[in-house]
Amino acid sequence: MSSSAHYLNPSDAAERLGISPKALRLYEQRGLIAPVRTAAGWRTYGPAEMARAGEIAALRALGLSLAQVARVLKGDAQELAPALAAHQARLETEARRIAETVEKVRALRTGLAGGEPLGMHELTRLTRPVAEVVAAFDLPWPWGGERFELRDVRPLNYIIGPLGSGKTRFAKAIAEHLPDGVFVGLERAVNDDARARMGTDPALKARVEQALSWLLDEGAAETPALTALLVALEADGTDIPVVDMIEQGLDQASQEALAAYLRNRRPGARPLFIMTRSSAILDLGAVGPDEAIILCPANHSSPSRVAPIPGAPGYEAVATCLAAPDVRARTEGVIAWRPQVA
């Protein structure tokens with residue numbers, strides 16, 4: 001077997017590591033890994049590069065920013081203590097959930113052994129998330145008033161669709177009917193509410209500053225738009241934010257940093273709904289089990305969940321809606337196709 005058999009191309013390396021090729025490129029851009037180049041200039045990853053990439057991926061899974069990862073790899077372990085504490089909290093939360101489910105199953109088995117009847121709804125509840133949130137409402141215009149049921153809400157929920165598809169009205173309807181839902185509009189970046197809230201809430205100010213520090217380490221630029229967004233995301237209480245065009249006012253580096261931040265929020269964080277058309281925010285190759293995509297089609301069919309799997313119903317429509325930040329800037333004002341009314 002030739003030595004080249006031990007080297008992987010970027011796509012195969014990313015698949016082996018369980019990350020996206022985009023993440024692998026980001027590691028290289030930040031100087032965390034240096035792939036081997038073939039004579040033709042192609043990137044390849046040998047055993048040493050794969051081992052280093054695996055270390056980086058593991059540290060990222062703990063919630064470390066790229067700058068924190070770099071410091072840990074250089075021997076500074078101070079960043080690991082809070083990351084491990086947060087990881088422990090996530091594991092303990094999951095352990096409690098599993099323990100509660102096991103206890104329910106034990107009680108059901110005991111009841112069955114004693115001849116008690118078992119309702120199917122009890123079995124159904126075992127397979128649903130403990131904190132499932134459900135909202136049901138009539139869809140607004142441009143839909144025809146069809147009934148919509150929102151089930152299986154994930155920690156991170158994307159709302160996507162072309163311009164003119166009604167996704168803003170749909171998002172507002174979710175915020176109105178979802179228990180504790182609150183719509184976070186585009187005006188968030190042009191008023192002084194964010195600074196005022198931090199001025200009267202020291203705990204919120206501390207959380208925002210901590211999140212901002214993480215994002216700056218990740219390459220984001222500190223702007224009023226980013227600060228206002230963090231205030232909405234980090235606000236204490238039970239409100240579930242439904243954010244209009246989350247990429248508004250953020251450059252590409254900030255959007256990429258924000259996407260990483262959203263996937264590494266503190267344990268027990270509230271569900272979040274975000275509207276987006278940016279591929280920097282919604283990387284279809286990196287969507288995990290805690291994320292869901294809801295598509296508002298251009299033809300005004302009812303919004304529906306789309307699996308992030310090529311070939312799945314609606315996948316191509318979602319992919320078509322997404323574009324890089326620079327492309328999105330050039331296509332502002334393009335209107336989705338609307339059916340002609342006879």
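For T223 and A77, the difference between the fully extended length at 0.36 nm per residue and the C-alpha to C-alpha distance is 49.5 nm.
Working from the alpha-carbon coordinates of the range 153-201, get Rg over Rh, Rh being the Kirkwood radius.
Details: Rg = 13.7 Å, Rh = 13.0 Å.
That ratio is 1.05, to two decimals.
Once backbone amide H atoms are built at 1.01 Å from N, G181 has I240 as its partners under 5 Å, excluding neighbours fewer than 5 places away on the same chain.
Compactness ratio for the range 1-61: Cα radius of gyration over 2.2 N^0.38 Å (N = residue count) comes to 1.05. Taking 0.36 nm per residue of sequence separation and removing the Cα-Cα distance, the A85/T38 pair yields an extension gain of 12.8 nm. Modelled label positions at L118 and V105, each set 7 Å beyond Cα in the direction of Cβ, lie 1.1 nm from each other.
Nearest 20 debye, what's the magnitude of the dipole of the range 1-70 about its Cα centre given +1 on Lys and Arg Cβ and -1 on Asp and Glu Cβ? Before the final figure, lay out the partial values.
On the way: 8 positive and 5 negative charges, 35 e Å.
Approximately 160 debye in magnitude.
Here the Karplus curve 6.51 cos²θ - 1.76 cosθ + 1.60, taken at θ = phi - 60°, turns the phi angles of the range 38-43 into couplings of 6, 4, 8, x, 7, 6 Hz, with x standing for Gly and Pro.
Across A67, A85, A175, mean-square fluctuation computed from a Gaussian network of the chain (C-alpha pairs under 10 Å connected) peaks at A85. From the Kirkwood radius over Cα pairs of the range 164-313, Stokes-Einstein at 4 °C and 1.567 mPa s returns a whole-number translational diffusion coefficient of 80 µm²/s. Would you mind telling me which residue in A34, A260, A280 has the biggest mean-square fluctuation in a Gaussian network model of the chain, where springs connect alpha carbons within a distance under 10 angstrom? Taking springs between Cα atoms under 10 Å, the residue moving most is A34.
In units of the compact-protein estimate 2.2 N^0.38 Å, the range 209-261 shows a Cα radius of gyration of 1.07.
Give me the percent relative contact order of the range 1-118, please, defined on Cα pairs under 8 angstrom at least 6 residues apart. This gives 17 percent for the range 1-118.
For K22, the lysines whose Cα falls under 24 Å of its own Cα, not counting residues fewer than eight places away in the same chain, are K74. Between the residues V287, L186, P35, the greatest Cα displacement towards the positive end of the dipole of the chain, with unit charges on the Cβ of Lys, Arg, Asp and Glu, is found for P35.
Among A61, A221, A53, determine the one that fluctuates most according to a GNM of the chain built with springs between C-alpha atoms less than 10 Å apart. Maximum among the listed residues: A61. Here the dipole of the range 48-102 is about 80 debye; that uses its Cα centre as origin and unit charges on the Cβ of Lys and Arg (positive) and Asp and Glu (negative). Computed over the chain, the convex hull of the alpha-carbon atoms projects to a mean area of 24.2 nm². Each of H87, Q252, G114 was scored by the projection of its Cα onto the charge dipole of the chain, and the greatest displacement toward the positive side belongs to G114; charges sit on the C-beta of Lys, Arg, Asp and Glu.
Fraction of C-alpha pairs exceeding 12 angstrom in the range 194-235: 53 percent, rounded to a whole number.
What is the dipole size for the chain, taken about its Cα centre, with +1 at each Lys and Arg Cβ and -1 at each Asp and Glu Cβ, in debye to the nearest 20?
Numbers: 38 positive and 41 negative charges, 109 e Å.
That gives the chain a dipole magnitude of about 520 debye.
For L272, nonlocal amide neighbours, meaning residues 5 or more places apart or on other chains whose placed amide H falls under 5 Å from its own, are L156, N157. May I ask which residue of H177, T238, Q210 lies farthest towards the positive end of the charge dipole of the range 164-265, with charges of +1 (Lys, Arg) and -1 (Asp, Glu) on Cβ and the Cα centre as origin? Positive-most Cα among the choices belongs to H177. When the chymotrypsin sites (Phe, Trp or Tyr not before Pro) in the range 26-87 are filtered for DSSP coil states and for at most 14 other beta-carbon atoms within 10 Å of their beta-carbon, the remaining sites are W42.
No value in this document is a laboratory result; all are computed from the given coordinates. Remember, it's a predicted structure, so these values are computed and weren't measured experimentally. No Cβ is skipped: glycine too gets one built from the backbone with ideal geometry, and neighbour counts run over all protein chains shown.
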